[in-house]
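Encoded as structure tokens, the structure appears first; notes follow it.
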Amino acid sequence: MRIAVIGTGHIGGTLGAKWQAAGHDVVYGGRSAGTDGPDGKPVAAIADALGHADVVLLAVPGPAVAEVAAANAAALDGKIVIDATNRMGQTEVNNHAAITSAAPGARYARAFNSLGWENFAEPPADANLFFAADEDARSATEELIGAVGFEPAYVGDASAVGTVDGVGALWFALARQSGRRKIAFRVVT
């Protein structure tokens, strides 16, 4: 897949490196175009990175998503957009509304927001990653979750983003209580 990772911090950098290692074509986009990003890779302007992609990972600070989506609405339209952001302290933690109102044709997925980046760098054995996705974004999202080293756990279409956000809230509570960020979940049947 051709993937634009918008955001060069721990989440974007870690996932981008994992996807490159799995053979995907990754371009980083950010406000600091022309600088070195994760692993010394160049950072393109957001619009340039989006033009390259079939799939977009939004890994910027949660409050910045509405601005990024509005400024790049035409480029996001029709693409799979994975929302890995969290608007901490807000009633709605995800950015589903901001993304789909700016780009109604975007195929939305909610994933990679419910665990700390350390888990993406070194996935715990047999761990699941819970996600919600529009039907036409599900397969690609599952493939990218698997490429990171997790077993995908689909909880429903985009109307199920609250379930994924609940997993994120549980992870944050457990991480705070234990003082450890290397915590993940596994479904046992």
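The values are calculated or read from the model by the stated rules, or taken from the named source; none is laboratory data. Remember, it's a predicted structure, so these values are computed and weren't measured experimentally. No Cβ is skipped: glycine too gets one built from the backbone with ideal geometry, and neighbour counts run over all protein chains shown.
Evaluation of GLY89 against the conditions (1) under 16 Å from the mean Cα position of the chain (by Cα); (2) part of a loop (DSSP other than H, G, I, E, B) shows that the sole unmet condition is (1).
All of ALA102, ALA84 fail the test of being under 21 Å from TRP19 (Cβ atoms) and touching a residue at least 24 places away in the same chain (Cβ under 8 Å), apart from ALA84. Of everything listed in (1) under 29 Å from GLY179 (Cβ atoms); (2) touching a helix residue (DSSP H, G or I) at 6+ places or on another chain (Cβ under 7 Å); (3) surrounded by fewer than 18 Cβ atoms within 10 Å (Cβ to Cβ), the single unmet condition for ASP126 is (2). Only a single criterion out of (1) farther than 22 Å from ALA133 by Cβ; (2) modelled with pLDDT of 95 or more; (3) touching a Ser or Thr at 6+ places or on another chain (Cβ under 6 Å); (4) of a type outside the set (A, V, I, L, M) is not satisfied by GLY37, namely (2).
Scanning region 132-168 for residues that are in a helix (DSSP H, G or I) and surrounded by 14 or more Cβ atoms within 10 Å (Cβ to Cβ) yields a count of 20.
The residues listed here are THR8, THR85; of these, the one that is polar (S, T, N, Q), buried (at least 20 other Cβ atoms within 10 Å of the Cβ) and over 23 Å from PHE130 (Cβ atoms) is THR8.
Per the conditions (1) under 17 Å from the mean Cα position of the chain (by Cα); (2) touching a residue at least 12 places away in the same chain (Cβ under 8 Å); (3) over 22 Å from ARG87 (Cβ atoms), the sole criterion not satisfied by LYS182 is (1). Cβ-Cβ distance below 6 Å, separation of 6 or more or different chains: which pairs start in region 42-71 with a residue that is touching a residue at least 60 places away in the same chain (Cβ under 8 Å) and end on one that is in a helix (DSSP H, G or I)? Note: pairs meeting the criteria are VAL55/ALA140.
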